[in-house]
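Presented below is the structure to which this report refers.
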Amino acid sequence: MKIESPRSIDEFLNISKINTAVCFYLSTPECNVCKVLKPKVVEMIENDLPEIKYCYVDLNEAKEISGQLSVFSVPTILVYFEGKETIRVSRNVHLEELREQIERYYKMIF
């Protein structure tokens, strides 16, 4: 899986518009929770939800994105379906609940 990393709000919005479904993982390299959670999210997308594009956003390099989208804690996971933010989870992410939320929309579209 090729992982894109948008660095500006324009890149972010373009990715969300041209793809039917996108999972954006917003974090920083310093996030200790992410060292465990991020690989699990990537694996879930690759294995269970292959039609969803996965993107990692390093908020140290993309401060504009965090400001424009009101992202105040890491990790934050944003899932877009058909160009609209559909799911937002921050800080305490329960992987199985996230999977169930995404699958509801995923099954309607794919």
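The values are calculated or read from the model by the stated rules, or taken from the named source; none is laboratory data. Computed from a prediction, not measured in an experiment: that's the story for all the values here. A quick note on method: Cβ atoms are made from the backbone with ideal geometry, for glycine too, and the neighbour counts reach across all protein chains shown. Just the protein is used for accessible areas: all its heavy atoms, side chains included, with ligands, DNA and RNA removed. Shrake-Rupley method; radii C 1.70, N 1.55, O 1.52, S 1.80 Å.
Annotation: amide H-H contacts under 5 Å for Tyr54 (H modelled 1.01 Å from N, sequence separation of 5 or more, or interchain): Cys23.
Could you please put Val22, Val33, Val74 in sequence from largest to smallest accessible area, using a 1.4 Å probe?
Listed by decreasing accessible area, they come as Val33, Val74, Val22.
Using the Cβ-Cβ distance between Leu13 and Ser90 with R0 set to 22 Å, the FRET efficiency works out to roughly 0.65. Projecting the Cα atoms of Ile18, Ser70, Ile52 onto the charge dipole of the chain (Cβ charges, centred on the Cα centre) puts Ser70 farthest toward the positive pole.
With every protein chain in place and a 1.4 angstrom probe, the accessible-area ranking of Met44, Met108, Met1, largest first, reads Met108, Met1, Met44.
Applying a 4.7 Å cutoff between beta carbons, the unpaired cysteines of the chain are Cys23, Cys55. From the coordinates of this entry, percent of Cα pairs over 18 Å apart is computed, and it appears in (1) 56; (2) 43; (3) 68 under the label (2).
Once all protein chains are placed together, Glu85 keeps about 80 Å² accessible to a 1.4 angstrom probe. Shown in residue order for segment 32-45 are the 3J(HN,Hα) couplings computed by the Karplus curve 6.51 cos²θ - 1.76 cosθ + 1.60 at θ = phi - 60°: 6, 4, 5, 4, 9, 6, 4, x, 5, 5, 4, 4, 4, 5 Hz (x for Gly and Pro). With all protein chains in place and ligands, DNA and RNA left out, the 1.4 Å accessible area ranks Arg88, Arg104, Arg99 as Arg104, Arg88, Arg99, largest first.
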